[in-house]
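Student: To start, I am sharing the structure in question, which I have written as structure tokens.
The values are calculated or read from the model by the stated rules, or taken from the named source; none is laboratory data. Please read these numbers as outputs of a predicted model, since none were measured by experiment. Every residue, glycine as well, gets a Cβ built from its backbone with ideal geometry; the counts of neighbours run over all protein chains shown.
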Amino acid sequence: MDFNDTPQEAAFRAEVKAWLAEHAAEYAHKPATPWSEQEFVARARAWQAKKAAAGYAGIRQPVAVGGRGGTDMEAIIFEIEEAKYHVPVGPVVSIGQNMVLTVIHKHGTEEQQKKFIDPTIKGELLWCQLFSEPGAGSDLAAVRTRAVRDGDHWILNGQKVWSSWAHHSDWGILIARSDPSVVKHKGLTFFVVDMKTPGIDVRPIRQISGESDFNETFLTDVRIPDSCRIGAVGEGWACAMTVLSSERLGSGGLEDVDSIKRLIGLAKATPSDQGSALDNAAIRERIAQLHAMEQGQMNFHYRLLTRISKGEMVGAEASTIKYAYAQRLQQIGGFAMEIQGLAGTVIDGDAAATAGFHADYIWSSAMRIAGGADEVILNQIAERVLGMPGEIRGDKNVPFDQLK
Amino acid sequence: MNFDLSDDQKMLAEQARKMLEEMSPPDRLREIIEAKSGFDPELWSALGELGFLGAAIPEEFGGLSLSLLELAVLAEEMGRSNAAVPFFSSIVLAARTIELAGTQAQKETWLPRLASGETIATFAYGEGPGNITPAGVRCEFANGVLSGTKSPVSDLAIADIAVVLCRTATGPALALVELDQDGVSRQALTSFDELRLHGALTLNNAKAALLDQGDAAAIFDQLLNAAAVITAFEQVGGTEACLYMARDYAMERQIFGRQLASYQAIKHRLANLYVKLELARSNAMYAAWTLVNDRPDQAQAVAAARISALEAFEFGARENLQIHGGIGYTFEANCHFYYRRERLLAAALGNRTHWADRAISALSA
């Protein structure tokens with residue numbers, strides 16, 4: 001057992017550190033002056049192009065498709081080192097890098113791979129995900145957006161929701177119902193859609209965080225060529241599964257955020273009748289418990305990375321990472337406010353620390369739902385890891401158009 | 001990074017697991033409880049013969065010169081089977097102390113006998129309710145003899161010798177006392193864990209020898225960290241046993257026309273237990289690595305391991321019994337072994353509050 005980098009990983013880390021030290025500052029933002037959304041997106045493209053030119057884009061993707069052909073561990077080492085700089089990264093770029101490259105590489109034709117993969121790696125094409133609908137979130141196979149064949153084209157009608165950065169994306173990946181007369185997951189087809197196609201109307205959703213990076217996307221008689229179909233007609237569910245399982249092991253939660261040290265700092269700075277809040281046994285116990293939770297989540301993540309690096313298949317237990325990470329953010333962020341009492345609910349004094357906890361607490365509420373809701377993850381662990389029976393379903397073996 | 005046990009360690013675990021399954025099945029545990037002995041001598045001999053007891057004892061003293069990780073792997077299997085042997089007292093605590101603080105002569109005298117299992121040792125640290133601190137002990141060593149009371153002491157009735165946390169005129173100390181002598185009296189105490197019995201040790205000018213090759217308080221602190229990590233592995237083994245026992249029961253049991261395991265409340269309970277188990281296991285592995293490699297973050301890593309293992313086993317032991325329904329409350333079922341062992345492991349090395357203090361001290365240093 002060894003937590004240190006292997007010689008190969010250490011060499012890669014050193015190389016990456018040096019490269020970032022030389023190039024990242026130019027693309028990073030100064031904390032006091034955040035960019036507008038437009039500026040963020042433009043810089044995100046530029047940073048992606050810069051990484052691609054240096055061979056640091058698509059680290060996990062095969063060389064055959066323009067990637068680096070590197071390991072998961074190398075991709076994570078890069079992300080962790082990159083996270084030390086405030087560079088413009090996020091879903092607007094990562095959806096393309098992770099989800100789109102994977103699905104087009106696996107299910108796309110040679111022509112589609114030529115058309116989309118290289119520009120995506122270079123940041124020339126930014127992508128959004130048009131999957132969820134108001135009536136189909138956890139139950140994604142229940143999508144209603146309709147795709148009707150019309151000669152060499154398809155006509156799309158429907159409504160998508162929760163599309164990150166759709167208002168800035170060039171293309172979108174989309175699942176639609178091509179055949180309502182069969183059971184729900186057999187009548188789906190996968191497409192890529194040019195977001196400039198007439199009939200696509202993107203409307204931002206105002207989130208509780210104040211931001212609007214999620215959108216509703218309305219599709220009204222959107223006409224796309226059959227060359228935008230990925231995989232066979234009716235193969236949409238398999239393509240969707242490729243996308244969903246590609247988002248497994250990133251570096252989220254492994255960055256060195258020092259949240260426990262910040263909690264301790266807050267407690268020390270908070271007066272109490274015993275001296276400071278840190279002298280209070282109940283607070284010490286809670287902080288220690290959160291420390292154990294945070295360490296457990298990170299250590300578990302590293303254990304899975306080791307298994308993957310040895311070529312092992314990792315299954316539903318990988319969802320434990322996001323499940324535990326969301327818990328950790330919500331509990332730590334929430335407790336930070338309790339430690340300070342009322343003053344913990346305003347941003348004054350140590351603004352960066354408090355603002356960070358406020359943001360974590362808000363975002364964690366979404367993280368418990370997005371990318372596999374807690375309850376779905378627990379079902380999957382129970383069923384696929386522990387071998388327990390599946391849920392009773394009301395729509396099994398019923399053609400979609402016969403469902404209530 | 002290689003966050004995994006080595007192939008040898010995995011083989012050791014497999015070997016220990018098979019042996020414990022064969023020699024220490026649930027019915028055997030029931031026999032031992034009814035005999036009121038808290039001890040399985042056949043199993044103890046077998047562990048000695050296979051070299052498991054001496055795993056981390058240096059070869060020059062009859063051991064295998066392996067590491068804390070091998071002890072941890074063995075402890076996990078003992079936790080899984082809930083075995084009734086004084087592995088923890090004799091090897092993890094007492095033998096380790098003799099190795100850290102004993103003279104060459106003391107090591108030569110005792111370690112081989114502990115490695116073979118022919119001598120059973122225990123470690124007497126507590127003196128009644130409250131947390132264990134070297135500064136607070138009252139049992140006193142002076143002029144070659146020990147006087148005072150140590151209680152509760154694990155495996156006291158079957159032990160031949162005891163390592164005792166005591167004090168001299170100058171401060172905390174560690175002493176070794178042979179228990180078969182006039183100045184020693186032992187009183188059995190009704191023990192919550194029926195498979196690891198405890199007693200009260202009264203010392204009245206009992207002849208003893210100091211283990212003084214090092215600072216006692218520092219050695220005790222080091223010992224506590226190692227003990228906490230090995231206990232964490234034992235807790236992980238017990239938690240996993242509870243998880244799969246509950247799962248197996250729920251798969252068999254039918255209620256309102258379907259498997260108990262098909263109810264979401266049960267599925268989610270066990271999925272949550274799985275998450276707690278794996279987080280605890282991950283922390284225990286990391287903490288063991290920090291100790292073996294003397295890493296600067298070892299204190300907070302060990303505290304995290306103890307806290308998460310405690311939480312996981314607490315949840316596992318309780319919910320395993322709960323999921324079994326009424327049958328879980330019977331002696332004939334196997335839930336009670338873990339339900340009792342879990343509380344002992346939660347309390348023995350200091351409670352949650354004590355370890356929270358250790359974590360915060362390390363993190364705010």
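Student: Consider A:Ser272 carefully, then state whether it is away from chain B (no Cβ under 12 Å) and under 25 Å from the mean Cα position of the chain (by Cα). Walk me through it before giving the result.
Tutor: Working: away from chain B (no Cβ under 12 Å): yes; under 25 Å from the mean Cα position of the chain (by Cα): no.
It is false that A:Ser272 is away from chain B (no Cβ under 12 Å) and under 25 Å from the mean Cα position of the chain (by Cα).
Student: Checking the structure you have, find out if any residue of the range B:327-350 is within 19 Å of B:Gly79 (Cα to Cα), at pLDDT below 95, out of contact with any Asp or Glu (no Cβ under 8 Å at 6 or more places or on another chain) and within 14 Å of another protein chain (Cβ to nearest Cβ).
Tutor: Looking for residues that are within 19 Å of B:Gly79 (Cα to Cα), at pLDDT below 95, out of contact with any Asp or Glu (no Cβ under 8 Å at 6 or more places or on another chain) and within 14 Å of another protein chain (Cβ to nearest Cβ), one finds at least one in the range B:327-350, hence yes.
Student: Which numbered condition in (1) surrounded by fewer than 17 Cβ atoms within 10 Å (Cβ to Cβ); (2) closer than 17 Å to A:Gly199 by Cβ; (3) not basic (Lys, Arg) is the only one that A:Glu111 fails?
Tutor: Evaluating A:Glu111 over (1) surrounded by fewer than 17 Cβ atoms within 10 Å (Cβ to Cβ); (2) closer than 17 Å to A:Gly199 by Cβ; (3) not basic (Lys, Arg) leaves (2) as the failure.
Student: Every residue in the range A:365-374 that is in a helix (DSSP H, G or I) and either touching a residue at least 60 places away in the same chain (Cβ under 8 Å) or within 14 Å of chain B (Cβ to nearest Cβ) (or both), please.
Tutor: Going through the range A:365-374, the residues in a helix (DSSP H, G or I) turn out to be A:365-367, A:374.
Answer for the range A:365-374, where residues must be in a helix (DSSP H, G or I) and either touching a residue at least 60 places away in the same chain (Cβ under 8 Å) or within 14 Å of chain B (Cβ to nearest Cβ) (or both): A:Ser365, A:Ala366, A:Asp374.
Student: For the list (1) within 24 Å of the chain's Cα centre (by Cα); (2) outside any loop (DSSP other than H, G, I, E, B); (3) within 14 Å of chain B (Cβ to nearest Cβ); (4) buried (at least 17 other Cβ atoms within 10 Å of the Cβ), I need the number of the one condition that A:Arg384 fails.
Tutor: (4)
Student: Out of the residues in the range A:222-252 that are in a helix (DSSP H, G or I) and touching a His at 6+ places or on another chain (Cβ under 6 Å), state the one that is surrounded by the fewest Cβ atoms within 10 Å (Cβ to Cβ).
Tutor: For the range A:222-252, the residue satisfying everything is A:Trp237.
Student: Restricting to strands (runs of 3 or more DSSP E) lying wholly in the range B:153-205: which have 2 or more residues that are β-branched (Val, Ile, Thr)?
Tutor: B:161-168
Student: Let me ask something additional. Check the range A:388-400 and report whether any residue there is crowded, with 18+ Cβ neighbours inside 10 Å and either within 8 Å of chain B (Cβ to nearest Cβ) or farther than 22 Å from A:Pro134 by Cβ (or both).
Tutor: Looking for residues that are crowded, with 18+ Cβ neighbours inside 10 Å and either within 8 Å of chain B (Cβ to nearest Cβ) or farther than 22 Å from A:Pro134 by Cβ (or both), one finds at least one in the range A:388-400, hence yes.
Student: In this structure, is B:Ala317 part of a helix (DSSP H, G or I), facing chain A (nearest Cβ under 9 Å) and crowded, with 23+ Cβ neighbours inside 10 Å?
Tutor: no
Student: Out of all the residues in the range A:71-111, which are closer than 16 Å to A:Ala18 by Cα and of a type in the set (Asp, Glu)?
Tutor: A:Glu74, A:Glu79, A:Glu81, A:Glu82
Student: Moving to a separate point now. Can you give me the ranges of the helices (runs of 4 or more DSSP H) entirely in the range B:49-124 with at least 1 residues that are within 14 Å of chain A (Cβ to nearest Cβ)?
Tutor: So the answer is B:68-81.
Student: Further question: Working only within the range A:294-308, note down all residues that are more than 7 Å from chain B (Cβ to nearest Cβ) and within 19 Å of B:Ala362 (Cβ to Cβ).
Tutor: Across the range A:294-308, the qualifying residues are A:Glu294, A:Met298.
Student: Taking A:Gly334, is it among the small types (Gly, Ala, Ser), at pLDDT 95 or above and surrounded by 14 or more Cβ atoms within 10 Å (Cβ to Cβ)?
Tutor: On the way: among the small types (Gly, Ala, Ser): yes; at pLDDT 95 or above: yes; surrounded by 14 or more Cβ atoms within 10 Å (Cβ to Cβ): yes.
It is true that A:Gly334 is among the small types (Gly, Ala, Ser), at pLDDT 95 or above and surrounded by 14 or more Cβ atoms within 10 Å (Cβ to Cβ).
Student: Now for a separate question. Considering only residues that are touching a helix residue (DSSP H, G or I) at 6+ places or on another chain (Cβ under 8 Å), in a helix (DSSP H, G or I) and buried (at least 17 other Cβ atoms within 10 Å of the Cβ), which ones fall in the range B:341-361?
Tutor: B:Arg341, B:Glu342, B:Leu345, B:Ala346, B:Arg352, B:Trp355, B:Ala356, B:Asp357, B:Arg358, B:Ala359, B:Ile360
Student: Of B:Gly126, B:Gly117, which residue is in contact (Cβ under 8 Å) with a residue 60 or more places away in the chain, out of contact with any Lys or Arg (no Cβ under 6 Å at 6 or more places or on another chain), small (Gly, Ala, Ser) and surrounded by 18 or more Cβ atoms within 10 Å (Cβ to Cβ)? Outline the logic, then answer.
Tutor: Numbers: B:Gly126 fails: in contact (Cβ under 8 Å) with a residue 60 or more places away in the chain.
Result of the check over B:Gly126, B:Gly117: B:Gly117.
Student: Still on this structure, I have one more. Of all residues in the range A:7-49, how many are over 27 Å from A:Ile117 (Cα atoms), charged (D, E, K, R) and at pLDDT 90 or above? Walk me through how you get there before you give the answer.
Tutor: Let us first name the residues in the range A:7-49 that are over 27 Å from A:Ile117 (Cα atoms), namely A:7-8, A:10-11, A:14, A:18, A:21-22, A:25, A:29-36.
Cutting the leftovers down to charged (D, E, K, R) gives us A:22, A:30.
Pick out the ones that are also at pLDDT 90 or above and you get A:22.
Residues meeting the conditions: 1.
Student: Looking at A:Met241 and the list (1) of a type outside the set (Phe, Trp, Tyr); (2) more than 15 Å from A:Thr145 (Cβ to Cβ); (3) touching a residue at least 12 places away in the same chain (Cβ under 8 Å), which single condition is not satisfied?
Tutor: Among (1) of a type outside the set (Phe, Trp, Tyr); (2) more than 15 Å from A:Thr145 (Cβ to Cβ); (3) touching a residue at least 12 places away in the same chain (Cβ under 8 Å), the lone unmet condition for A:Met241 is (3).
Student: Here is a list of conditions, (1) without any contact (Cβ under 8 Å) to a residue 40 or more places away in the chain; (2) in a helix (DSSP H, G or I); (3) surrounded by fewer than 17 Cβ atoms within 10 Å (Cβ to Cβ), and B:Asp294 meets all of them except one; can you say which number that is?
Tutor: If we test B:Asp294 against (1) without any contact (Cβ under 8 Å) to a residue 40 or more places away in the chain; (2) in a helix (DSSP H, G or I); (3) surrounded by fewer than 17 Cβ atoms within 10 Å (Cβ to Cβ), just (2) comes out false.
Student: For B:Thr190, work out the one condition from (1) within 30 Å of B:Gly316 (Cα to Cα); (2) buried (at least 17 other Cβ atoms within 10 Å of the Cβ) it doesn't fulfil.
Tutor: Of (1) within 30 Å of B:Gly316 (Cα to Cα); (2) buried (at least 17 other Cβ atoms within 10 Å of the Cβ), only one is false for B:Thr190: (2).
Student: At the interface with chain A (Cβ under 10 Å from one of its Cβ atoms) and within 19 Å of B:Ala312 (Cβ to Cβ): does that describe B:Ala288?
Tutor: Answer is yes for this residue.
Student: In the range B:244-275, what residues are surrounded by fewer than 24 Cβ atoms within 10 Å (Cβ to Cβ), more than 8 Å from every other protein chain (Cβ to nearest Cβ) and part of a helix (DSSP H, G or I)?
Tutor: B:Tyr244, B:Met245, B:Asp248, B:Tyr249, B:Glu252, B:Leu260, B:Ala265, B:Arg269
Student: Please give the number of the condition B:Gln9 fails out of (1) farther than 15 Å from B:Gly117 by Cβ; (2) of a type in the set (S, T, N, Q); (3) more than 14 Å from chain A (Cβ to nearest Cβ).
Tutor: Unmet for B:Gln9, out of (1) farther than 15 Å from B:Gly117 by Cβ; (2) of a type in the set (S, T, N, Q); (3) more than 14 Å from chain A (Cβ to nearest Cβ): (3).
Let's see how each residue does on (1) within 29 Å of A:Leu188 (Cα to Cα); (2) within 14 Å of another protein chain (Cβ to nearest Cβ):
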{"residue": "A:Gly210", "(1), (2)": "no, no"}
{"residue": "A:Asn215", "(1), (2)": "yes, no"}
{"residue": "A:Gly231", "(1), (2)": "yes, no"}
{"residue": "A:Leu254", "(1), (2)": "no, yes"}
{"residue": "A:Ser259", "(1), (2)": "no, yes"}
{"residue": "A:Leu266", "(1), (2)": "no, yes"}
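Student: Here is a follow-up. Against the conditions (1) within 19 Å of the chain's Cα centre (by Cα); (2) in contact (Cβ under 8 Å) with a residue 40 or more places away in the chain, where does B:Leu189 fall short? Just the number, please.
Tutor: So B:Leu189 meets the others, but not (2).
Student: Which residue, of A:Ile377, A:Ile362, is away from every other protein chain (no Cβ under 14 Å), out of contact with any His (no Cβ under 9 Å at 6 or more places or on another chain) and of a type in the set (Val, Ile, Thr)?
Tutor: Values: A:Ile377 fails: away from every other protein chain (no Cβ under 14 Å).
Exactly one of A:Ile377, A:Ile362 is away from every other protein chain (no Cβ under 14 Å), out of contact with any His (no Cβ under 9 Å at 6 or more places or on another chain) and of a type in the set (Val, Ile, Thr), namely A:Ile362.
Student: Which of the numbered conditions does A:Ala343 fail, given that it passes all the others? Conditions: (1) part of a helix (DSSP H, G or I); (2) out of contact with any helix residue (DSSP H, G or I) (no Cβ under 7 Å at 6 or more places or on another chain); (3) within 14 Å of chain B (Cβ to nearest Cβ).
Tutor: (3)
Student: Test B:Ala301 against the stated conditions and say whether it is without any contact (Cβ under 8 Å) to a residue 24 or more places away in the chain, on the phi < 0 side of the Ramachandran plot, touching a Phe, Trp or Tyr at 6+ places or on another chain (Cβ under 8 Å) and of a type in the set (A, V, I, L, M). Please lay out each step first, then the result.
Tutor: Values: without any contact (Cβ under 8 Å) to a residue 24 or more places away in the chain: yes; on the phi < 0 side of the Ramachandran plot: yes; touching a Phe, Trp or Tyr at 6+ places or on another chain (Cβ under 8 Å): yes; of a type in the set (A, V, I, L, M): yes.
So B:Ala301 passes the test.
Student: Oh, and also: Determine the pairs where a residue that is more than 15 Å from B:Ile98 (Cβ to Cβ), located within the range B:50-66, has a partner that is of a type in the set (Gly, Ala, Ser) and surrounded by fewer than 17 Cβ atoms within 10 Å (Cβ to Cβ) with Cβ atoms under 6 Å apart, the partner being 6 or more residues away or on another chain.
Tutor: Cβ pairs passing all conditions: B:Glu59/B:Ser65; B:Leu64/B:Gly51.
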